[in-house]
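Here the structure is laid out as structure tokens; the discussion comes afterwards.
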Amino acid sequence: MTTFKVGYLIGSLAKGSINRKLATALTLVAPEHLTFTEIPIKDLPLYSYDYDADYPPTAKAFKDAIASVDAVLFVTPEYNRSIPGALKNAIDWASRPYGKNSFTRKPSAVIGTSPGAIGTAVGQQHLRSVLGFCNSPQMNAPEAYIQFTPGLITDEGEVTNESTAEFLKNYMAEFHQFIVRVYTALPRDA
């Protein structure tokens, strides 16, 4: 079976982010046919089309990192019922200049955690809208809005609640199958 390289973006810049803990947990429960690399967003300058002719080195490295993976997993909090500004900025860098969108036909999935009861539902819908415009095929189900409670995920990525651990394992198995389906329908060399 083919192994797919998944790049993951964490929408929060905070070192102690609960979404960082969730990302670690996801990499630990994923099927063996997925490998992971974090694609950091914290050092990107604010995007402006003034850079389109000559990307700064950090932005070029970021765009190249997105282009080099088989799929992208977004693990993000919700800020003011939307996505964090840093994440939107990163997406802008990867999708520009016009005609050089690194997300085109690249499978993606969205997940997030929050202390709130609805998790990151509204922010995820905004992100899905952006990814739709970026022509990134999205795993639409299962949806994953994780309510974070103290101790749910350790700093090492261990999920302490059995039903949550099983849900996350299933989510990642579904993501793997989604990637397979996308590349069956949309071969990379087509």
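Brief remarks on what is shown
- If the convex hull is drawn through the Cα atoms of region 73-134, its volume per residue in Å³: 72
- Among D92, D54, D70, the largest mean-square fluctuation in a Gaussian network model of the chain (Cα springs under 10 Å) belongs to D54.
- Taking the Cα centre of region 59-190 as origin and assigning +1 to Lys and Arg Cβ atoms and -1 to Asp and Glu Cβ atoms, the resulting dipole is close to 800 debye.
- Between helix 18-29 and the chain there is an angle of about 80 degrees, using the helix long axis and the longest principal axis of the Cα atoms.
- One Cα centroid belongs to region 112-140, the other to region 1-72; the line between them spans 16 Å.
- For region 1-47: rounded, prolate or oblate by the Cα gyration tensor [a/c cutoff 1.5]: oblate
- Bridge type composition, region 48-190 - antiparallel percent by DSSP, nearest 5: 20
- In the context of the full protein assembly, I118 retains an accessible surface of approximately 90 Å², using a probe radius of 1.4 Å and ignoring ligands and nucleic acids.
- Segment N161-M1, extension gain: residue separation times 0.36 nm, minus the distance between their alpha carbons: 54.5 nm
- Under-5 Å amide H pairs with F4, H placed in peptide plane, nonlocal only: L34, T35
- Per-residue 3J(HN,Hα) values for region 46-57, derived from phi via the Karplus relation 6.51 cos²θ - 1.76 cosθ + 1.60 with θ = phi - 60°, read 5, 5, 8, 5, 4, 8, 4, 6, 8, 4, x, x Hz in sequence order (x marks Gly and Pro).
- Close amide H contacts of F148 (hydrogens built in the peptide plane, cut-off under 5 Å, sequence separation of 5 or more or a different chain): S114, G116.
- In degrees, nearest ten, helix 162-185 long axis to first principal axis of the chain (Cα): 30
- Folded to 0 to 90 degrees: helix 85-95 orientation relative to the chain principal axis, Cα: 50
- Each Lys or Arg adds one and each Asp or Glu subtracts one; over the other residues with Cβ under 15 Å from the Cβ of G116, this totals 0.
- Cβ-placed point charges (K, R +1; D, E -1), dipole of region 38-93 about Cα centre in debye, nearest 20: 200
- Calculated from backbone phi, Karplus (6.51, -1.76, 1.60) coupling profile of region 125-132 in Hz, x at Gly/Pro: 5, 5, 4, 4, 4, 5, 5, x
- Directionally averaged projected area (convex hull, Cα atoms, the chain), nm²: 10.6
- Cut-off 12 Å between beta-carbons: net charge of the residues surrounding V130, Lys and Arg +1, Asp and Glu -1: +1
- Restraint check, K42/K63; K5/K100; K21/K169; K15/K100; K63/K169; K15/K63, Cα-Cα greater than 24 Å: K15/K100; K63/K169
The values are calculated or read from the model by the stated rules, or taken from the named source; none is laboratory data. Not measured: the values here are computed from a predicted model. Positions of Cβ are backbone-derived with ideal geometry, glycine not excepted, and every protein chain shown enters the neighbour counts. Calculation scope for accessible area: heavy atoms of the full protein, side chains included, ligands and nucleic acids excluded. Shrake-Rupley method; radii C 1.70, N 1.55, O 1.52, S 1.80 Å.
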